[in-house]
Structure formats: structure tokens, C-alpha cells
Amino acid sequence: MKNLFIFKKVILVTCLIFALFLSCQNVKTEQVQKTTKTVDYTAKVYPWLDTENSRWFFFSSASRPFGMVNLSPDTQIGGAWGSGYRYKTDTIKGFSHIHAWQMAGVSVMPVTVSKTEKSKIYQDFYSKFSHETETVKPGFHQVQLQRYDITAKLTSTTRVGLHEYSFPNTQQSAILFNLNTKLGPCKNENGDLKQDSARELSGSVTMAKTGRRPKPITVYFKVKLNADVASVEKDKKTGNYLVTLKDASKPVLMKLGISYTSVKNAELNINEELPSWDFNKVVEASKKQWNDLLGRIEIQGGTEESQSRFYTDLWHALQGRRIISDVNGAYPDLTGENFKIGQLPLNEHGKPKFNHYNSDSFWGAQWTLNTLWGLVYPEIMEEFVHSLMQYYNDGGLVPRGPSGGNYTNVMTGASSTPFIVSAIQKGIIKNDLEFIYQALKKNHMLNGIMAKSGYEHNTFEGGGLKYYINQGYVPYPLPDGKFGIHEDGASMTLEYAYQDYTLAQLAKKLNHESDYNYFINRSKNYKNVFDVETGWVRPKNVNGHWKQNFDPFQVEHGFIESNAAQATWFVPHDINGLAELMGGVFNASEKLNEQFKTAEKQNFAAGNSHAQESHPEYSRVPINYGNQPSIQTAFIFNKLNRPDLTQFWTRKVATKTFGGLSPKVGYFGDEDQGLMGSLSVLLKMGLFQLNGGTEENPEYQIGSPVFNQVTIHLNSNYYKGNKFVISTENNSESNVIVNKVMLNNTEVTDFSIKHNDIINGGNLHLKMTNQSLNLSE
């Protein structure tokens, strides 16, 4: 440009014309470069979202999708809630490798020690840090430990954590293994570490049983360093180990592979997944894996912040649930009386056909993971179905939330049924359908998983299933006593009825006519807990008497993590039947609309976190998008002849409840394991499945997309279409109502499309307007 200005003095006019031409060309070149440049979706992720409200398995940084290793710093330890990485806590208490449902373990901390402080370091090793010197991205975490002047970098493969520590040269460098402590939801016991060679260590630690995971589980680990070990010493008081290093003048790299079966397999996991020592190469490989998954959905339009929130939510939808099988397919099986090592089936190349998983419940997944995974990540959905069926092969029941190779019986009902049925109806699962059906049917009968209440391990009474079958509802209170938690009969009745409907769809598919009739009749049981006089679902005792002093806004007391106002709408399989009980679709839509107008004053949530949901100040909200029981409600308007209200309220919820981008806000409740992240993604895409996608050729309801265009890149191994594009016209913050729907240039009038419409590829075009809804009437 300097030469250009010199030339300008000589021939000013010519130069100006040339400069203008050159400027235009530069703009065009930049536009081409922008459109052809590979997008780094990980750069759009905001990892700190809602980290002021974290729980143990909530936060991920140096982790792969569903990784066995979930490596990240812990600023709070000692419980499942309010633990792990908490943004407002300024002290790091270790880097642990397992952040999973009911599991935590293998915490390490790089330190420097002097001879006079060596005896104290075993119990006093925490370090302050600052977010100003912290870098967090999917697959990578870097932090400065202020106490020691150590720069720690973390990354991982699926089963191996990789650390890089840059120590100062002034003191003895060491790594402390905190193996006998309470990290998250469980105590770590019997921690053991030994030196195998100059640069290798191995060990194990037992994660004690919890009230939710009824048996202990041992994690084995192998450590490989690029520096020689000077000594390994154990402190008798704490049980901690201090590994001092001979020479840490150069950055020290440490590989730590884990296994739930043996040290041998922990080492195999390292050898197979991480044979090299190239830290940056692992970071790049992790970045690529995340980008490949996040890039399945491509968005255009919206603000930079709204795009960042979208990909952060999508990132959450791909984590939390963890692999527990080794690279050779070995896995821990604790479904029987004694521990044994299971073996996954292998393919023709000798590799496992799928991974085995540790997972929180699929309670609420019918409105979240069913749709998102089934459409965008069918390979993930298939793996989870196979894993759930592996538990059935081992223990005789399809689980609703397994941990450490065992059942936890988290929450209630048979929440895996809609998930598995949806995978079958979408053609993701095609084989052994009769075997799967019989396994699911067992869960819906006496001595099945539906008969158990939350965390009921040794009996089949707490679910009240015998009353549901014989009397048509689960009574509250349960006259048999307390066998677990969540023995809330009204909610149980609603949940069982919906899940019976989904099983009936599979019975129909397999031509089990009598079974279909049996379960479809059971799916009408929700009517038995609807009180026409009050207009709400209402708990009923074993003698058929309605609960006295009934308050539809009182949380729990017959309702699971909800109140009657929220739970009444939990009839996704028969909205017309529910509307009839309310006096018709007009009355139902008016009732629900009033609930939304009231709930908007509280941002459609019961406080800012799950811990606040039972607080009197927040619990009386009539619609709660911070927990699963009522997250489908806005799409009910589509079934009540008011699609405009679906569009209006889903846009409101998307922006008010799922629009923040800070450590303080994010999910306003129980994010669980990707459920709320998935919900946010679906709301902003404008697609939803009210009944969980469980009927033949499942239906998707159309909402109000936040972005101008959403492109879903379909997995060609499952779906023959290349991509499905949702485009909008005249979309804006005020134009949230869909005026016209065109699917592949053909008008759609009922605001719904079918699964085959999407997976065959094509375009859904929505014309948007700001037409008045007259919501005040």
C-alpha cells in the first residue's frame, strides 16, 4: 500500500480507479476464502457455560466425545452436586480423569517441593489459579498453578489422559497422586501406586459404592512419562503418593491410561490410542473429532453469541455419558452377584462392534436425545442401544441408568423403552427386533424395571406397578412403604402410560396384536388420575380417594420433580384425549397459554439451578424448562390447532431460557447428561418430536427456527439423503410466526413432517411473519 500511495502522487486519477478495482477484488477474494475455509466449530464453544451451577459430570474440557477419560481440573470435591469444575472457586484441587455418573477417580497434581515442606505436601497441595491465564477448548485445557509457577496443559484420547507440565527450575519437581479421598459422588479407597520401571508406574483405586451405585468398582491405570522417576513415596496418613522426578528442565509429558478391567488393558489402551508423545498432535486430533461431530449441523444467521450458544449446547449433547469398555472390548460386569470381565462382540477385524457405556437415566430423553441423536448422530444412538441390550444379556433387565457396569435404577419407569423404540422406528436398529421386544416387554411387567422406584435395588415394590396394572393407576402414598425415592404415584402413572404406548408401537410393528391391544389400553391409564373437577392430574390413594388439600402448584407430593400444573401435560401420546378431559381443544389451549404467560415471568424455570426447584419462591412455576417433565409443552399447541402459539412460545423459551452465555446462566436447572443441551438445539432448529419419535415413520413438529438457515449433514451409512436444509424467509426477533411451510416446493399445512421426508434429503422452507397473536385475550 505504501508504494501505491507514492504512485498516487504521480497519476492520482488512475490510481484511484485502480485502487477501487483492487479493493473490490480483495473483497471478493476474502469472501471466497471465508466460504471455502474449514470452520472451527470448537472455537464457537463456550466451555464455561453454567459452570457456577456445575455438578460432578457436568463440565468437560480435555475430553473426547463420551470419553472413558474425562480429564479436567477440579475446584470443588466431596460430592456429586456443586463439585468438579466450579467457575467461582479460585483453587485447583487436582486434575482427575473420571467425571462420570456416580463415578470419580484418579486425581493427580503437579507440584514443587522443598525438603522442609515435603511431609506437608501430601495434604496441603492445592493451588490458586486465574481465569485470565486459563485456556479452555473442547479437547484442551491449560492453566497456570500460581502456587508452584507450573503451567499445566491437558488433553486426551478416548481412554488416555495426556498431561504436559512446565516446571520452574528452582525446586524439586513432582506429581502427587491423590488416590484415597472423596472426589465427586464417591469415596476413593485402597489407592495403590507402584513403580514398574524408570519411566513407568501402575496402580488402581476402588470407587466405593454409593446409595445409587450399590457395588464398588475398581479403576486400574498405567502411567508413562518422558522423564525418569527419582522416587515414589507414600504418606501413611493420607494414603497419597508423591512421585519425584530426576530432571524436569524440559516440559514433562505424562500419559495416564485407565481401564475398569486390568492394568494390562490400561496399558493396551495407551499403546493402541496414544503410541506417540506429540502433545499438539493429540490436541489437533481431538479438535478434528469434535469438529466432525459439531459440523454435522451448520447454521447461518443470528448473532455471534447465539451461534456460540448453539454449538455449546450441541457440545453438551455429546458428553456426560461415558465409555467403560477397553479398546479390545473388555468391560466390567457387575450386574450379577460378583464382578466379572465381560467381552463385547468383535467384528471381522477383531475390533469391538460397539462401545459399552456408563450413563445417567434416559428419563426425558424422549424429547431430547431421541430426536437429536436419531437424526444427526444415528451411529451414537445405535451404540447406546447395543450397550443397553448388553446389560440385558448380562443382568436380565434393560437398565434406565447404569453405572460401573451395574444398575442404578435412577429415576422411575422404563425410560429406555422410548429410546430403543425410536431407534427401531427410524431404521437405525434393524436386527434382533423380536429379542429386543421381549426384553423391553419384561421391563414393563412385574419384576421388571418399571416395578422399581428410584434407586430401589433389592425389591420390586416401590414402582407400584401391581396397582397400575390392576387398578389403572399408581396410588399416592404407596401403601406398601418406602423402597426407594420418587414414589410419586400421579407422575408414575403418566410416565408408565406414555412408555406403554411406545412399547405398543413396537408390538404393532412385530404383529403382536394381543400385546398391542394390552399395552395401548394401559396407555389410557393417565385418565384415571385426571380430576375433571379441578382440571388437573391429581394424586389418588389406594382406595381411590383424591389427595386432600390439593394444590396444583405444590411441587412433588405425588409428582416427580414437578407439580401438577407441569405434569398434567405429560400425555404426549394422546393430546386429543387429554384435551377432551379438559373440555375440548380450545379450553386446553387457553389453559396452557395462561400457564406460559405466567411462567414467562420466571423465565420458564424454577430458579437458576436444580437445587432451587423445590424452593417456595421458585417451585410454583406452572411450566418449567429447567427439568424434564414439562419441556414438551410448547409443542402441544400444534396438536391443539394453535401452531402459532407453538412458534411464539418456543421462540420465547429458546431466547429467554436457553439464550444466555455466561458461567452464571445456562440451563436453569438439571442439565443431566446432554438432555437440556439437546433440547436447546432442537428448539433453535425448529424441530421436535412430541411422542419421542416412536410411531411408524416418526413425525416431527415444526417450531420457529432461530437461524436463517440450518443444514443437517446426514450420515450416509444410515440415511440416503445427503443433507436436509431448513431455510427461513423474513426471519427476525419479531417475525417468529411461520406463515407458510414448503417441503421440497410442496406446501405443508399441518406443521409437521415425517422422518422419511428428512432422511431422503431436501429443503424445508418457512416463511415468517409477525402477525398478531392477540395473546392478551
inquiry  = What's the number of the only condition in (1) surrounded by 24 or more Cβ atoms within 10 Å (Cβ to Cβ); (2) in contact with a Leu (Cβ under 7 Å, 6 or more places away or on another chain); (3) over 30 Å from G607 (Cβ atoms) that V532 fails to meet?
reply    = (1)
ask   = Any idea which residue in region 390-410 is farthest from I324 (Cα to Cα), counting only those that are buried (at least 24 other Cβ atoms within 10 Å of the Cβ) and touching a strand residue (DSSP E or B) at 6+ places or on another chain (Cβ under 6 Å)?
value = P399
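Condition check ((1) within 21 Å of Q471 (Cα to Cα); (2) touching a residue at least 40 places away in the same chain (Cβ under 8 Å)) across all residues:
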{"site": "K524", "(1), (2)": "yes, yes"}
{"site": "N528", "(1), (2)": "yes, yes"}
{"site": "V542", "(1), (2)": "yes, yes"}
{"site": "M582", "(1), (2)": "no, yes"}
{"site": "E594", "(1), (2)": "no, no"}
ask   = Condition test on L71, is it part of a strand (DSSP E or B) and modelled with pLDDT of 95 or more?
value = yes
key: Any hit, region 315-330, residues being surrounded by 24 or more Cβ atoms within 10 Å (Cβ to Cβ), of a type outside the set (A, V, I, L, M) and more than 30 Å from S630 (Cβ to Cβ)   = yes
query = Would it be correct to say that N269 is at negative phi and crowded, with 20+ Cβ neighbours inside 10 Å?
reply = yes
note = (1) at pLDDT below 95; (2) surrounded by 15 or more Cβ atoms within 10 Å (Cβ to Cβ); (3) within 25 Å of Q425 (Cα to Cα) all hold for T749 apart from (2)
note = Over region 292-325, the set of residues of a type in the set (D, E) and in contact with a helix residue (DSSP H, G or I) (Cβ under 8 Å, 6 or more places away or on another chain) is D313
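Here's the yes/no breakdown for (1) in a helix (DSSP H, G or I); (2) surrounded by 20 or more Cβ atoms within 10 Å (Cβ to Cβ); (3) in the same structural domain as S678 (by TED's automatic domain parsing); (4) under 24 Å from the mean Cα position of the chain (by Cα):
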{"position": "G336", "(1), (2), (3), (4)": "no, no, no, no"}
{"position": "E348", "(1), (2), (3), (4)": "no, no, no, no"}
{"position": "F362", "(1), (2), (3), (4)": "no, yes, yes, yes"}
{"position": "E379", "(1), (2), (3), (4)": "yes, no, yes, yes"}
{"position": "L388", "(1), (2), (3), (4)": "yes, yes, yes, yes"}
note = Of the residues in region 584-619 that are surrounded by fewer than 18 Cβ atoms within 10 Å (Cβ to Cβ) and of a type in the set (S, T, N, Q), the one that is farthest from the chain's Cα centre (by Cα) is N587
inquiry  = Just to be sure I understand, how many residues within region 639-650 are buried (at least 24 other Cβ atoms within 10 Å of the Cβ) and either in contact with a Gly (Cβ under 8 Å, 6 or more places away or on another chain) or within 19 Å of V681 (Cα to Cα) (or both)?
reply    = 4
key: Checklist (1) surrounded by 19 or more Cβ atoms within 10 Å (Cβ to Cβ); (2) touching a residue at least 40 places away in the same chain (Cβ under 8 Å); (3) among the hydroxyl-bearing types (S, T, Y) applied to T75, failing item   = (2)
message = Consider region 641-679. How many of its residues are out of contact with any Phe, Trp or Tyr (no Cβ under 9 Å at 6 or more places or on another chain), under 18 Å from G82 (Cβ atoms) and not aliphatic (A, V, I, L, M)?
response = 1
remark   = Among strands (runs of 3 or more DSSP E) entirely within region 223-320, at least 2 residues that are among the small types (G, A, S) and under 17 Å from S63 (Cα atoms) occur in 252-259
query = So how many residues does region 216-244 have that are touching a residue at least 40 places away in the same chain (Cβ under 8 Å) and crowded, with 21+ Cβ neighbours inside 10 Å?
reply = 10
message = Condition (residue is β-branched (V, I, T), out of contact with any Pro (no Cβ under 8 Å at 6 or more places or on another chain) and either assigned to a helix (DSSP H, G or I) or in the same structural domain as S704 (by TED's automatic domain parsing) (or both)) applied to region 587-601: is it met by at least one residue?
response = no
request  = Could you tell me which numbered condition Q771 fails, if it satisfies all but one of (1) at pLDDT below 95; (2) over 15 Å from R651 (Cα atoms)?
outcome  = (2)
query = Looking at region 42-68, which of its residues are crowded, with 24+ Cβ neighbours inside 10 Å, modelled with pLDDT of 95 or more and not in a loop (DSSP other than H, G, I, E, B)?
reply = A62, S63
query = Would it be correct to say that S262 is over 25 Å from the mean Cα position of the chain (by Cα), hydroxyl-bearing (S, T, Y) and surrounded by 16 or more Cβ atoms within 10 Å (Cβ to Cβ)?
reply = yes
request  = Search region 183-195 for residues that are on the phi > 0 side of the Ramachandran plot and pair each with any residue that is of a type in the set (G, A, S) and assigned to a strand (DSSP E or B) when their beta-carbon atoms are under 8 Å apart and the residues are at least 6 apart or on different chains.
outcome  = N190/S204
request  = State all residues of region 81-110 that are of a type in the set (S, T, Y) and in contact with a Gly (Cβ under 8 Å, 6 or more places away or on another chain); if no residue qualifies, say none.
outcome  = S83, S96, S107
key: The lone exception for M492 - which of (1) in a loop (DSSP other than H, G, I, E, B); (2) buried (at least 24 other Cβ atoms within 10 Å of the Cβ) it fails   = (1)
ask   = Just wondering, is there one or more residues in region 544-555 that are acidic (D, E), surrounded by 19 or more Cβ atoms within 10 Å (Cβ to Cβ) and over 17 Å from R642 (Cα atoms)?
value = no
query = Out of N735, N717, which single residue is over 29 Å from Q425 (Cα atoms), in contact (Cβ under 8 Å) with a residue 12 or more places away in the chain and either surrounded by 13 or more Cβ atoms within 10 Å (Cβ to Cβ) or not aliphatic (A, V, I, L, M) (or both)?
reply = N735
query = Got a number for residues in region 138-155 being on the phi > 0 side of the Ramachandran plot and surrounded by 23 or more Cβ atoms within 10 Å (Cβ to Cβ)?
reply = 1
Qualifying positions in region 159-218 - part of a loop (DSSP other than H, G, I, E, B) and in contact with a helix residue (DSSP H, G or I) (Cβ under 6 Å, 6 or more places away or on another chain) = R159
inquiry  = Looking at region 531-548, can you tell me whether even one residue there is out of contact with any Pro (no Cβ under 7 Å at 6 or more places or on another chain), in a loop (DSSP other than H, G, I, E, B), farther than 22 Å from F658 by Cβ and among the basic types (K, R)?
reply    = yes
request  = Show the residue pairs that are 6+ apart or on different chains and have beta-carbon atoms under 6 Å apart, the first residue being within region 306-333 and under 16 Å from P402 (Cβ atoms), the second being among the charged types (D, E, K, R) and part of a strand (DSSP E or B).
outcome  = D333/K340
note = Filtering region 553-569 down to residues that are assigned to a loop (DSSP other than H, G, I, E, B) and free of Cβ contacts under 8 Å to residues at least 60 places away in the same chain yields N563, T568
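The values are calculated or read from the model by the stated rules, or taken from the named source; none is laboratory data. Everything quoted here is computed from the prediction, not taken from an experiment. Cβ: placed from backbone, ideal geometry, glycine included. Neighbour counts: every protein chain shown.
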